[in-house]
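A.B. asks: After the structure tokens below, expect a handful of questions from me.
The values are calculated or read from the model by the stated rules, or taken from the named source; none is laboratory data. As the structure is a computational prediction, the values presented were derived from the model and not from experiment. Cβ coordinates were reconstructed from backbone atoms using ideal geometry, including for glycine residues, and neighbour counts include every protein chain displayed. Side chains included, ligands, DNA and RNA excluded: accessible areas come from the protein's heavy atoms. Shrake-Rupley method; radii C 1.70, N 1.55, O 1.52, S 1.80 Å.
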Amino acid sequence: MAEAVNNIHDLINSMAYQTFGLNVTDKDLHFWIMGFIGMAVFLFVYLLSKWLSKLPFGITALSFLYTMTFMFVLVFGIEIQQALTRRGNMEFIDAIVGLWGFVALFLVYIALIIVVLVIRSLFRRITNKDDIDA
């Protein structure tokens with residue numbers, strides 16, 4: 001994958017020179033390419049967030065997506081830090097297991113919310129039935 005990114009980098013650099021006569025530096029490429037990638041991701045996230053916010057549990061879904069993104073950055077940052085400091089082993093599976101820990105606990109959270117909603121629904125049915133009988 002790193003080679004593919006490097007090849008794309010070289011292709012963009014040569015295209016910029018051949019097409020526009022621009023001799024762009026690595027910093028120039030990073031400025032423009034990351035700028036366009038960032039704006040494309042922003043527009044996608046904006047539209048997705050707008051759509052999700054209209055759903056019944058949209059804010060929960062948005063919170064999950066934001067937290068999951070944060071967790072990706074955190075676990076891979078920790079793995080890179082372990083490689084740089086040589087403390088612990090930098091293993092891809094460690095990052096995946098860490099992310100599964102979050103997903104597992106989030107599923108427990110969802111299960112608890114479902115239990116609370118079911119109990120609340122049953123309680124309302126019983127309370128409304130008593131009101132009708134009286």
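A.B. asks: Are there any pairs with C-beta distances below 9 angstrom linking a residue in the stretch 106-120 that is in contact (Cβ under 8 Å) with a residue 12 or more places away in the chain to a residue that is surrounded by 10 or more Cβ atoms within 10 Å (Cβ to Cβ), with the two at least 6 apart or on different chains, and if so which?
C.D. replies: So the pair list comes out as 106/64; 106/67; 106/68.
A.B. asks: Tell me, yes or no, whether the stretch 27-46 has at least one residue that is in a helix (DSSP H, G or I), farther than 30 Å from residue 62 by Cα, open to solvent by 80 Å² or more (accessible area, probe 1.4 Å) and hydroxyl-bearing (Ser, Thr, Tyr).
C.D. replies: No, the stretch 27-46 has no match at all.
A.B. asks: Next question, about the same structure. Condition test on residue 55, is it open to solvent by less than 50 Å² (accessible area, probe 1.4 Å), in contact with a helix residue (DSSP H, G or I) (Cβ under 9 Å, 6 or more places away or on another chain) and modelled with pLDDT under 95?
C.D. replies: Numbers: open to solvent by less than 50 Å² (accessible area, probe 1.4 Å): no; in contact with a helix residue (DSSP H, G or I) (Cβ under 9 Å, 6 or more places away or on another chain): yes; modelled with pLDDT under 95: yes.
Taking the combined requirement at face value, the residue does not satisfy it.
A.B. asks: Do you know which residues across the stretch 11-26 are surrounded by 12 or more Cβ atoms within 10 Å (Cβ to Cβ) and either among the aromatic types (Phe, Trp, Tyr) or at pLDDT 85 or above (or both)?
C.D. replies: The answer is 17, and nothing else.
A.B. asks: Here is a follow-up. Among 93, 80, which is assigned to a helix (DSSP H, G or I) and surrounded by fewer than 11 Cβ atoms within 10 Å (Cβ to Cβ)?
C.D. replies: Exactly one of 93, 80 is assigned to a helix (DSSP H, G or I) and surrounded by fewer than 11 Cβ atoms within 10 Å (Cβ to Cβ), namely 93.
A.B. asks: Hey, can you tell me all the residues within the stretch 88-123 that are among the small types (Gly, Ala, Ser), at pLDDT 95 or above and over 18 Å from the mean Cα position of the chain (by Cα)?
C.D. replies: 111
A.B. asks: For the stretch 58-77, name all the residues that are under 11 Å from the mean Cα position of the chain (by Cα), exposed (fewer than 12 other Cβ atoms within 10 Å of the Cβ) and of a type outside the set (S, T, N, Q).
C.D. replies: Selection gives 70, 73.
A.B. asks: Based on this model, can you work out whether residue 123 counts as assigned to a helix (DSSP H, G or I), in contact with a helix residue (DSSP H, G or I) (Cβ under 8 Å, 6 or more places away or on another chain) and either open to solvent by 90 Å² or more (accessible area, probe 1.4 Å) or within 27 Å of residue 63 (Cβ to Cβ) (or both)?
C.D. replies: Working: assigned to a helix (DSSP H, G or I): yes; in contact with a helix residue (DSSP H, G or I) (Cβ under 8 Å, 6 or more places away or on another chain): no; either open to solvent by 90 Å² or more (accessible area, probe 1.4 Å) or within 27 Å of residue 63 (Cβ to Cβ) (or both): yes.
When the stated conditions are applied, residue 123 does not pass them.
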